[in-house]
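Visitor: Have a look at the structure that comes next, please.
The values are calculated or read from the model by the stated rules, or taken from the named source; none is laboratory data. None of these values were measured; they are calculated from a predicted model. Positions of Cβ are backbone-derived with ideal geometry, glycine not excepted, and every protein chain shown enters the neighbour counts. Surface areas here come from the heavy atoms of the whole protein model, side chains and all, with no ligands, DNA or RNA. Shrake-Rupley method; radii C 1.70, N 1.55, O 1.52, S 1.80 Å.
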Amino acid sequence: MTSTLAAAQRLRDLARLRRVRDRIDREYAQPLDVEALARGAHMSAGHLSREFKLAYGESPYGYLMTRRIERAMALLRRGDLSVTDVCFAVGCSSLGTFSTRFTELVGIPPSTYRRLEARATAGMPPCLAKQVTRPIRNREAPVARPQLG
């Protein structure tokens, strides 16, 4: 009977985690922090962070920043906003933190991305541009191995 209760609790936790992820997806430009997300899910901040990472492979803050950077990439590709304007439009309050995180996820600074990608995706359907420009964490990028022989 206890395994049945544990399984039911796990399903409830997964449903709460899904609601947290959906809230981040909807409200990425709003000031969100782990404590507020945890309160909304009726969990402690530590429990939310641990369970979210187990379920989705990254912390709630990491997921939030990835969403913000994805949106920033789309805005920068348009080419009509400055990096500072994009930073604040996606909910970041520090240009330095935004630039550092953008560079970590995308591999180049936002100003360079804006300059290069505005031309690279010109005329490409937005759904395709979003797919081919999705950020890949540096640690997840494929490592080129030298060919031997």
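Visitor: For residues that are part of a helix (DSSP H, G or I) and more than 26 Å from R114 (Cα to Cα), tally how many sit in region 50-77.
Guide: Step one: of region 50-77, the residues part of a helix (DSSP H, G or I) are 50-56, 60-77.
Then drop every residue that is not more than 26 Å from R114 (Cα to Cα), which leaves 50-56, 60.
Residues in region 50-77 being part of a helix (DSSP H, G or I) and more than 26 Å from R114 (Cα to Cα): 8 in total.
Visitor: Has region 93-107 got any residue that is surrounded by fewer than 16 Cβ atoms within 10 Å (Cβ to Cβ), modelled with pLDDT under 95 and within 21 Å of A129 (Cβ to Cβ)?
Guide: Yes: region 93-107 contains one or more residues that are surrounded by fewer than 16 Cβ atoms within 10 Å (Cβ to Cβ), modelled with pLDDT under 95 and within 21 Å of A129 (Cβ to Cβ).
Visitor: Sticking with this one: How many residues are out of contact with any helix residue (DSSP H, G or I) (no Cβ under 8 Å at 6 or more places or on another chain), open to solvent by 80 Å² or more (accessible area, probe 1.4 Å) and without any contact (Cβ under 8 Å) to a residue 12 or more places away in the chain if we restrict to region 17-37?
Guide: Total meeting the criteria: 2.
Visitor: Pick out the one residue from L54, L14, L5 that is loosely packed, with under 15 Cβ neighbours inside 10 Å, farther than 23 Å from F98 by Cβ and in contact (Cβ under 8 Å) with a residue 40 or more places away in the chain.
Guide: Numbers: L54 fails: in contact (Cβ under 8 Å) with a residue 40 or more places away in the chain; L5 fails: in contact (Cβ under 8 Å) with a residue 40 or more places away in the chain.
The conditions single out L14.
Visitor: Specify which of the listed residues (P110, P60, P135) is at pLDDT below 90, open to solvent by less than 80 Å² (accessible area, probe 1.4 Å), under 22 Å from I24 (Cβ atoms) and not polar (S, T, N, Q). Give the derivation first.
Guide: Working: P110 fails: at pLDDT below 90; P60 fails: at pLDDT below 90.
Going through P110, P60, P135 in turn, the sole match is P135.
Visitor: Another one. Within region 60-109, which residues are touching a Leu at 6+ places or on another chain (Cβ under 8 Å) and among the small types (G, A, S)?
Guide: Result: A89, G91.
Visitor: Also: Of the conditions (1) closer than 16 Å to R114 by Cα; (2) part of a helix (DSSP H, G or I); (3) open to solvent by 30 Å² or more (accessible area, probe 1.4 Å), D80 satisfies every one except a single condition; which number is it?
Guide: Checking D80 against (1) closer than 16 Å to R114 by Cα; (2) part of a helix (DSSP H, G or I); (3) open to solvent by 30 Å² or more (accessible area, probe 1.4 Å), the one that fails is (2).
Visitor: Let me ask something else. Hey, could you check region 66-77 for residues that are buried (at least 23 other Cβ atoms within 10 Å of the Cβ) and without any contact (Cβ under 8 Å) to a residue 60 or more places away in the chain and say which is nearest to K53 (Cα to Cα)?
Guide: My answer is R68.
Visitor: Consider A89 against the criteria (1) surrounded by fewer than 19 Cβ atoms within 10 Å (Cβ to Cβ); (2) farther than 22 Å from R21 by Cα; (3) modelled with pLDDT of 95 or more; (4) not basic (K, R): it satisfies all of them except one. Which criterion is unmet?
Guide: Looking at each condition in turn, A89 falls short on (2).
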